[in-house]
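K.L.:
My questions all concern the structure below.
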Amino acid sequence: MSIKTYFSRNWHILVSVAYLGFFLGLFFKATSFGNRLDLNELGDFLAGVVGPLALFWLVLGFFQQGKELQNNVAALKLQTQELKASVKQQSEMAKAAQIQNALEEKHERDRRERKLSADRALLGFALHDLHDIFLNASRQAIFPKAEYKLNWDKIVDCCETVGKCVENADPESSKVLASIMAKAQYLTARHKEALESKALLSSDDACDEFLLDTLIVFRSDIAVQMLEFVLICAAGFKYARLNVDRFEEPQFDGESLAASFCNYVSHRAEGHPLWKKIQYHCNLR
């Protein structure tokens, strides 16, 4: 520390020491020749010496306090500026975080949309295959052919594809798609053996009237169940290919379901011996 700096910081102490030294010198000079001061004179002397010094320190303390207040005000201003800068920085960080979150959400939406588009493409192929398989099964029930096989492996593959598409679909669509999977496996397990049976080919030539009526009812019921599932697959195919937001399972009345036999299965369906039973089962739906 330099002498100049030391004096600038401690000048008040030096002034006080010089002041006391001056009056102390006067006191010793006045009493050095054997002169003595009475107590009241000594008190007056001390009061006269200490009073200005006390006033000096009082004034000095006042200015020192004012200086400290100025320093405190300056510190508060600096803190206020730092706080404003911090708030601004936090605001910028919050905006940056919002932008980042928005970008991540957009990226996630784009990813899900791409995944949904890919799933719908696969779903369209799977439902198209199920549509054709069960349409042929409905035709087999009405117009049986030899060497017919209900392709179980293909149905399982299609159901697995539909199952993969359930995850990213909306809840209502997922419920319908899960129902399609269950119906496809149920109808296959229940009617595969009957549709592939040779007895189906000879049912039209049965001599027993009761047996013939039973087979007609059975075949017509199979045909209606298969065609109803075909129409559900057709509606699902529209959902998959036309980007419909939601897939709702269609409902059919007896008249529209019966009319679908002529449009989907064969125009000869109305003249078939099964037609009356088909109409009956359609009206039960």
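The values are calculated or read from the model by the stated rules, or taken from the named source; none is laboratory data. Model, not experiment: these values are computed from the prediction. Glycine gets a Cβ as well: all are built from the backbone with ideal geometry, and neighbour counts include every protein chain shown.
K.L.:
Quick check on the range 144-189: of everything there that is within 26 Å of R109 (Cα to Cα) and of a type in the set (S, T, Y), which residue is farthest from the chain's Cα centre (by Cα)?
P.N.:
Restricting attention to the range 144-189, the residues satisfying the condition of being within 26 Å of R109 (Cα to Cα) are 160-178.
The next check asks that each one be of a type in the set (S, T, Y); those that pass are 161, 173-174.
Numbers: T161: 25, S173: 19, S174: 18 Å.
Restricting to residues being within 26 Å of R109 (Cα to Cα) and of a type in the set (S, T, Y), the top hit is T161.
K.L.:
Another question, then. Does L42 fit the bill of being at pLDDT 85 or above and either touching a His at 6+ places or on another chain (Cβ under 8 Å) or assigned to a helix (DSSP H, G or I) (or both)?
P.N.:
Values: at pLDDT 85 or above: no; either touching a His at 6+ places or on another chain (Cβ under 8 Å) or assigned to a helix (DSSP H, G or I) (or both): yes.
Criteria not met by L42.
K.L.:
Could you give every pair whose Cβ atoms fall below 6 Å, whose first residue belongs to the range 63-83 and is farther than 25 Å from H12 by Cα, and whose second residue is loosely packed, with under 10 Cβ neighbours inside 10 Å and among the basic types (K, R), counting only separations of at least 6 or pairs across chains?
P.N.:
Partner pairs satisfying both residue conditions: none exist.
K.L.:
Since E270 meets every condition but one in (1) at pLDDT below 75; (2) under 30 Å from T161 (Cβ atoms), which condition does it not meet?
P.N.:
So the condition that E270 fails would be (2).
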